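The values are calculated or read from the model by the stated rules, or taken from the named source; none is laboratory data. If you're wondering where the values come from, they're calculated on a predicted model, not measured in any experiment. Glycine also receives a Cβ, built like all others from the backbone with ideal geometry; neighbour counts cover every protein chain displayed. Ligands, DNA and RNA are excluded from the accessible area calculation, which covers all protein heavy atoms including side chains. Shrake-Rupley method; radii C 1.70, N 1.55, O 1.52, S 1.80 Å.
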Amino acid sequence: MNAVEEFTAIGPLLPDDMRLYIREEIDSTNDEVRRLAEAGAADGAVVIANRQTSGRGRRGAAWVCPPGEALAFSVLARPAEPAGLWPRLALAAGLAVAEALELHGVTAGIKWPNDVWIDGRKICGVLVESGGHHVVIGIGVNVNVAEFPAELADSATSLWLETGEPVDRAGVFAEILRRLDVRRHQIGVDFPLLLDAVRSRCVLTGRRIRLMSADGLREGFCEGIGTGGELLLSVDGRLERILQADEVRVVE
C-alpha cells in the first residue's frame, strides 16, 4: 500500500481547519510546508511523506524515518499569538503525541524541550521552525519500527516494540493531529492548561541533567518547568531559567 492509499481515508477524521497533502517521497516535510506557506497556504496545512530524502532534526541532524514504519509529517501554523510565544508550540506538539500514544496503553513522558520518551527511550522528535509570518511544526514518530540499528537500539523505541504488535499507522497519525489541533491553540491565555499536562509528564524533573545552553555547558538538578515553558535548573544552589538548550542529557 502506498502513502496515498494509506492516509487518504483519514481525511474525514481530521479537524475542519486541517488540509492534508500526501507525498510518497519528498526531500523534507518541513521544507514542503515552508514552500506551501510562502505560496500562501492557510493555517492547518499538513504534509506527510512515506519517505524523506533529507529529513532532519534539531541543529540539522539527520532524522531517519523508515518507509511504512514511522510517521514523518509537518503542520503549518499561523498563530494569532505574538511570535515570542511560538516556541511553546514544541511543547504543544510533544504533548499531543504523548496523549495520542497513551491511547494505545503506553505511558509517555516528555523530555524538554522536544522529545517524547517511553521508559527512557525516544519514540518521537519535534522540530519547530519559524518563518516571517508562520511556523512549521515537524514531527517524527516511530510507530511500527520493529528493529533499530545497533547504535540506536538502547536509546530508541517504537509503539510496536512497546505494545508487542503492529499498530494502524494512519490511525495514530489522525489521533496526533486531533490532539495537536487542541494543544497548538493553547500557547496564549490557555497556556496553563497545556503546561500542567506537560509538567505531569516531564521526565527530567528531579533528575540531574547536563545540557548545552547559550551560556555554555550547564549541569544541575531539574526543578521542573517554569510558567513560560522554560526549564528550571538548579546549579550550585542557584536557580537558572533555560529558554533554549541542546544535547539535554540525564546524568546517571
Counting just the residues of the range 188-220 that are touching a Lys or Arg at 6+ places or on another chain (Cβ under 6 Å) and within 15 Å of ALA245 (Cα to Cα), which one comes out least open to solvent (accessible area, probe 1.4 Å)? LEU211
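Across the range 92-107, which residue is farthest from GLU129 (Cα to Cα) among those that are open to solvent by 10 Å² or more (accessible area, probe 1.4 Å) and either part of a helix (DSSP H, G or I) or among the small types (Gly, Ala, Ser) (or both)? Break it down into steps so the answer makes sense when it comes.
Our first condition is that a residue be open to solvent by 10 Å² or more (accessible area, probe 1.4 Å); within the range 92-107, this holds for 99, 102-107.
Going one step further and asking which of them are either part of a helix (DSSP H, G or I) or among the small types (Gly, Ala, Ser) (or both), we end up with 99, 102, 105.
Working: GLU99: 22, GLU102: 26, GLY105: 31 Å.
That would be GLY105.
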Does the range 154-185 hold any residues that are crowded, with 20+ Cβ neighbours inside 10 Å and closer than 17 Å to LEU85 by Cβ, and which are they? LEU180, ARG183, ARG184
In the range 24-34, which residue that is out of contact with any helix residue (DSSP H, G or I) (no Cβ under 7 Å at 6 or more places or on another chain) and over 14 Å from ARG78 (Cα atoms) is most open to solvent (accessible area, probe 1.4 Å)? GLU25
Taking interchain pairs and intrachain pairs at least six residues apart, which have beta carbon atoms under 6 angstrom, with the first residue in the range 184-211 and polar (S, T, N, Q) and the second assigned to a helix (DSSP H, G or I)? GLN186/LEU193; GLN186/LEU194
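Could you check how many residues of the range 110-141 are closer than 22 Å to ALA197 by Cα and either touching a strand residue (DSSP E or B) at 6+ places or on another chain (Cβ under 7 Å) or in a strand (DSSP E or B) (or both)?
So in the range 110-141, the residues closer than 22 Å to ALA197 by Cα come out as 110-128, 137-141.
Keeping just the survivors that are either touching a strand residue (DSSP E or B) at 6+ places or on another chain (Cβ under 7 Å) or in a strand (DSSP E or B) (or both) gives 110-112, 114-118, 121-128, 137-141.
So the answer is 21.
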